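Heads up, the thing below is written out as structure tokens.
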Amino acid sequence: MLRLQAATPDAWIGYALEHFDAILVDHAHCEQKAAHAALSFVPQLSNHPELLEKLIALSVEEIQHFQAVTTIIHQRGLKLIAPQKNPYINHLRSAARHEKGHHLVDRVIIAALIEARSCERLQLLATHLEDTSLRQFYTELWKSEAGHHSLFWTIARTLSKQLNAQGYAIDPQARLEVLSHHEAQWMQPRPHLPIMHG
Ligand SMILES: [Fe+2]
Ligand SMILES: [Fe+2]
């Protein structure tokens with residue numbers, strides 16, 4: 001369902017629980033960035049009103065997630081300090097092609113993969129956290145991110161079709177294979193970082 005080529009290493013959840021406060025703060029920033037990133041695709045969807053409305057709804061959901069995570073941060077006596085660098089996102093973006101139409105489709109597929117990985121990791125938190133209300137909260141979130149993953153994949157295929165009618169030759173499935181393989185390389189053993197995708 002999530003189109004990921006590798007699972008998060010088993011060691012990650014233990015690390016995330018140990019560094020949960022830092023993960024929480026990074027998670028809030030991820031939600032905020034996800035809302036902005038989604039809106040960046042609005043101009044490309046003018047020919048697809050139904051998808052455009054779904055994308056705007058996705059962005060609203062991300063802002064709601066941002067608000068909810070920020071509330072939890074404050075309830076725990078923490079502060080929403082400035083975001084850390086996100087080498088995971090840089091890793092993914094480094095595999096995007098540069099040519100205009102290809103770049104757009106790659107960006108949308110990368111967005112789909114980020115949603116998928118977020119979904120997987122939020123599900124791990126929902127399963128392993130001890131606090132019942134946090135487990136419930138993360139369960140709601142991972143289900144929402146699964147829907148976001150599907151929407152971005154639908155958008156990637158729709159835009160590919162539109163671009164191919166203009167003379168491009170974009171195979172979204174082939175690009176998904178390449179980009180998800182690249183994403184999976186991030187799951188290889190290495191020191192973890194106190195961020196959601198670290
Ligand atoms: Fe979200
Ligand atoms: Fe999302």
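The numbers here are math on the coordinates, done by the rules we state, and not lab data. Because the structure is predicted, anything quoted here is derived from the model rather than measured. Cβ atoms come from the backbone with ideal geometry, glycine included; neighbour counts cover every protein chain shown.
Scanning segment 155-198 for residues that are on the phi > 0 side of the Ramachandran plot and among the polar types (S, T, N, Q) yields nothing.
Restricting attention to segment 78-91, does a residue exist that is assigned to a helix (DSSP H, G or I) and more than 20 Å from L179 (Cβ to Cβ)? Taking every residue of segment 78-91 in turn, none turns out to be assigned to a helix (DSSP H, G or I) and more than 20 Å from L179 (Cβ to Cβ). The residues of segment 147-177 that are aliphatic (A, V, I, L, M), surrounded by 15 or more Cβ atoms within 10 Å (Cβ to Cβ) and more than 14 Å from the chain's Cα centre (by Cα), listed by number, are I155, A156, L159, L163, I170, L176.
Looking only at residues of segment 178-198 that are part of a loop (DSSP other than H, G, I, E, B) and in contact with a Lys or Arg (Cβ under 7 Å, 6 or more places away or on another chain), we find that the one that is surrounded by the most Cβ atoms within 10 Å (Cβ to Cβ) is M196.
Scanning segment 38-65 for residues that are part of a helix (DSSP H, G or I) and more than 21 Å from E140 (Cα to Cα) yields a count of 10.
Being in contact (Cβ under 8 Å) with a residue 40 or more places away in the chain and within 12 Å of ligand 1 (Cβ to nearest atom) is true of I114. Take the conditions in contact (Cβ under 8 Å) with a residue 24 or more places away in the chain, over 21 Å from K100 (Cβ atoms) and charged (D, E, K, R) and apply them to R121. Does it pass? Yes; evaluated as a whole, the condition is true for this residue.
Scanning segment 13-36 for residues that are buried (at least 18 other Cβ atoms within 10 Å of the Cβ) and touching a residue at least 60 places away in the same chain (Cβ under 8 Å) yields A16, A22, I23, D26, H27, C30, A34.
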